[in-house]
Number of protein chains: 2
Amino acid sequence: MASDNPSAKRHKSSKDVPYELIYWPGIPGRGEHIRLALEEGGAEYTDTAHIDGGMDRVMSYIKGEKPDDDINTPGFAPPWLKHGDLVISQTPNILMYLGPRLGLVPANDAGDDHVYRVNALVLTALDGLSNEPHDCHHPIATGLYYEDQKPESKRKSDDYVKNRLPKFLGYFERVLQSKASGDGPWLYAGQLTYADLVLYQCLNGVRFMFPKAVAKYEKSGNYSRVFKLYEAVEQRPKIKAYLESDRRQKYSMGIYRYYEELDIEP
Amino acid sequence: MASDNPSAKRHKSSKDVPYELIYWPGIPGRGEHIRLALEEGGAEYTDTAHIDGGMDRVMSYIKGEKPDDDINTPGFAPPWLKHGDLVISQTPNILMYLGPRLGLVPANDAGDDHVYRVNALVLTALDGLSNEPHDCHHPIATGLYYEDQKPESKRKSDDYVKNRLPKFLGYFERVLQSKASGDGPWLYAGQLTYADLVLYQCLNGVRFMFPKAVAKYEKSGNYSRVFKLYEAVEQRPKIKAYLESDRRQKYSMGIYRYYEELDIEP
């Protein structure tokens, strides 16, 4: 529960209720970043992926039929987080809201500098290791099938695994080498933050999508800190239990997809 | 100056110094969102676009040769904001930092719900009206020239002006119709926030890139609230003065580009 966490105190409010994640049932997708944060934070939450009528509930949010509309603005697309009467959209935004409440950013002494440094890492991971992979199978149009943009997907994937992926791996390796990352395997200030969870989840998805490329980069040794972080996240007791549970959904036709013809060796 | 602003008080810290924007000289680009916030907020700031050696300074940040590296993590790409000893990257992150300090989000009574609602709007505007337009001339690879991906750019632009652009315009029209937007032309709570500035700047860029499409959608009357907001931002005295000054750079080879063959009528 969030309220067990000492760093959540400054945010204590009337919202001492479980979180609700509203996201497409059937794929990990963007919702997975939020699930990992909630799981690692030991939060009580419900999830439209695992309730009766979950899909209807997602659709009601998309159509703007949700309650609390008087104070909340409509969101463009899932995921949404509902917490008490607050309803917010956008993955990095939801994570930034959850971070301090779940003890997944360092507690602030003066100012709130930590959250902005962590948020920058999250936005960069999502840009390069979630949005760009998604665009690999949808380079021309999100509204078209992959089958309608196959040659372009091949070209984009080729560029991605050869140029973009190592660039982002190299960036996070550099972050892990920086003094600001502190001791231990984590990205920031020597302690686990939700940015580590996001980087883990992104890399897990990219590995599913481009296994040959990730295997080669792992073997190269050039990104050893990144892969150590990956293992360290996977070994966190709550994350491990979650990944082994049936709450963890399989990749299918979401952001990370496996197409043999796109599994290019760099 | 930020310190003139009453809502900046809760954030008062040792950082009572001018802001510094570190961004590519010569293009408005992503830095422009930050400039508009600083200008509307009446903040003191310096800008690498207008100082001697600005480009060298941007490069030193890209290479990670900047000071304050012990406490700040490296950033992947410009823009950066330096404020005292804090150095952060990522446009929406920088805006979220500046918003409360410049009085560009409603003051919080309890909790900080306002900033998360405003941040969601900003992330959605940047996704659909900045990142997607950028990808229109770089659908296959950011590292290739537009000239190397012209047929794909045409297809993507065609989808963008016919499907994506009206979808995002319609979304923001819906936000402006919602009760949460309050009275007046603004997106949230009846007052100007930095989300309005972002939507203005995005639409200004999209209009430069796809003038035929924007003219047609404006004329349709289906997005009248969006275009009213656009005009209302443009008429803000500080914004107006800024846009007429030589601090406002012209669009060229940045995110928003004009290619006649991509100026498609929807």
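The values are calculated or read from the model by the stated rules, or taken from the named source; none is laboratory data. Just so we're clear, the structure is a prediction, and the values are computed from it rather than from any experiment. All Cβ positions, glycine included, derive from the backbone under ideal geometry; neighbour counts span all protein chains shown. Accessible surface areas use protein heavy atoms only, side chains included; no ligands, DNA or RNA. Shrake-Rupley method; radii C 1.70, N 1.55, O 1.52, S 1.80 Å.
Assorted remarks:
- Residue match in the range B:27-38 (condition: open to solvent by less than 30 Å² (accessible area, probe 1.4 Å) and either more than 12 Å from B:PRO79 (Cβ to Cβ) or in a strand (DSSP E or B) (or both)): yes
- For first residues located in the range B:67-92 and closer than 16 Å to A:TYR188 by Cβ and within 8 Å of another protein chain (Cβ to nearest Cβ), partners that are part of a strand (DSSP E or B) and β-branched (Val, Ile, Thr) and lie 6+ apart or on another chain with Cβ distances below 6 Å form the pairs B:ASN72/B:VAL87.
- Condition met for B:TYR200 (in contact with a Cys (Cβ under 7 Å, 6 or more places away or on another chain) and within 21 Å of B:GLY221 (Cα to Cα)): no
- Within the range B:124-147, considering residues that are outside any loop (DSSP other than H, G, I, E, B) and open to solvent by less than 10 Å² (accessible area, probe 1.4 Å), the one nearest to the other protein chains (Cβ to nearest Cβ): B:THR124
- Residues (more than 9 Å from chain A (Cβ to nearest Cβ) and of a type in the set (Phe, Trp, Tyr)) located in the range B:175-189: B:TRP186
- Scanning the range B:149-165 for any residue that is within 9 Å of chain A (Cβ to nearest Cβ), in contact (Cβ under 8 Å) with a residue 40 or more places away in the chain and crowded, with 19+ Cβ neighbours inside 10 Å turns up at least one such residue.
- When the criteria are applied in full, A:LEU95 meets the requirement of being more than 10 Å from every other protein chain (Cβ to nearest Cβ), out of contact with any Asp or Glu (no Cβ under 7 Å at 6 or more places or on another chain) and in a helix (DSSP H, G or I).
- Any hit, the range B:236-244, residues being among the hydroxyl-bearing types (Ser, Thr, Tyr) and modelled with pLDDT under 95: no
- Flag for B:MET96 being surrounded by fewer than 19 Cβ atoms within 10 Å (Cβ to Cβ) and of a type in the set (A, V, I, L, M): no
- Residue list for the range A:241-253, filter: under 16 Å from the mean Cα position of the chain (by Cα) and open to solvent by 10 Å² or more (accessible area, probe 1.4 Å): A:LEU243, A:ARG247, A:ARG248, A:GLN249, A:LYS250, A:TYR251
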